Amino acid sequence: MNKKDDEKLQALSDQMHAAQESLQQVTEMLKQMGLNAKDLPKPHEDGTPSVGVSVPRAADIADTADTVAGKVIEGHFDGQNMIGPDGKTYPVPANYASKSKLVEGDLLKLTIAADGSFIYKQIGPVERKKLISKIGLDNGQFVAIVGDHHYRVLYASVTYFKAQVGDEVTIVVPATGGDEANWAAIEAVIGS
């Protein structure tokens, strides 16, 4: 295999791992509800999620997060997930993180509704700085390259902004400790 095939395989492996983690979370939520996968209704044929388990849109979160009754957990965003005060990892939907341009250190509130839905709300954004970078691949993972530093970026951000390897993009990182950050949020694509 050549290097491009290796990179594609690594990207597929990363995506499969993320999907497996999501399935584990769903299985755990079902278990907490006293159900299992065979109790789920059939998915919609057009691919839209069923009511109650949809991935929250940023516009909906501010309106609904404070009114949902359920368990509330606060934690910080690590670039991909929310880390709770007990060190437990909670999956943040990649499309929400991308569209909200979350960066490492942002404080989030997770409300777990009575039906098992996860509703996130950003409650404490860290101070940010913007940098110009180029999109690249590092072991099959999309990265934003600034000098010698490679920031990981969410695959959902790359696809949302239709960025490609070699594109110049504006990224957002924490203002304090941004040089040590592992992750960056894509702000916009500047060009090829």
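The values are calculated or read from the model by the stated rules, or taken from the named source; none is laboratory data. Because the structure is predicted, anything quoted here is derived from the model rather than measured. Please note: Cβ atoms are built from the backbone with ideal geometry, for glycine as well, and neighbour counts cover all protein chains shown.
Side notes on the structure shown:
- All conditions in (1) of a type in the set (Val, Ile, Thr); (2) closer than 18 Å to Ser192 by Cα; (3) buried (at least 17 other Cβ atoms within 10 Å of the Cβ) hold for Thr111, with the sole exception of (2).
- Counting only residues that are farther than 21 Å from Val92 by Cβ, within 19 Å of the chain's Cα centre (by Cα) and part of a loop (DSSP other than H, G, I, E, B), segment 148-163 holds 1 of them.
- Of the residues screened, Leu102 is one that is outside any strand (DSSP E or B), at pLDDT 95 or above and within 15 Å of the chain's Cα centre (by Cα).
- Residue satisfying condition, being within 23 Å of Glu180 (Cα to Cα), of a type in the set (Phe, Trp, Tyr) and touching a residue at least 12 places away in the same chain (Cβ under 8 Å), within set Phe77, Phe118: Phe77
- Here the condition is being surrounded by 18 or more Cβ atoms within 10 Å (Cβ to Cβ), assigned to a strand (DSSP E or B) and not assigned by TED's automatic domain parsing to the domain that holds Ala97; of Ile145, Ile171, it holds for Ile171 alone.
- Selection from segment 114-133 of residues that are more than 12 Å from Leu102 (Cα to Cα) and either assigned to a strand (DSSP E or B) or small (Gly, Ala, Ser) (or both): Ala114, Gly116, Ser117, Phe118, Ile119, Lys129, Lys130, Leu131, Ile132, Ser133
- When residues of segment 144-175 are limited to those that are of a type in the set (S, T, N, Q) and without any contact (Cβ under 8 Å) to a residue 60 or more places away in the chain, the one nearest to Arg128 (Cα to Cα): Thr170
- Filter result for Asp78 (out of contact with any Pro (no Cβ under 7 Å at 6 or more places or on another chain) and over 28 Å from Thr170 (Cβ atoms)): no
- Positions within segment 121-142 being under 22 Å from Asn81 (Cα atoms), exposed (fewer than 14 other Cβ atoms within 10 Å of the Cβ) and not basic (Lys, Arg), in sequence order: Ile123, Gly124, Glu127, Asp138, Asn139
- Scanning segment 148-163 for residues that are surrounded by fewer than 16 Cβ atoms within 10 Å (Cβ to Cβ) and among the charged types (D, E, K, R) returns Asp148, Lys162.
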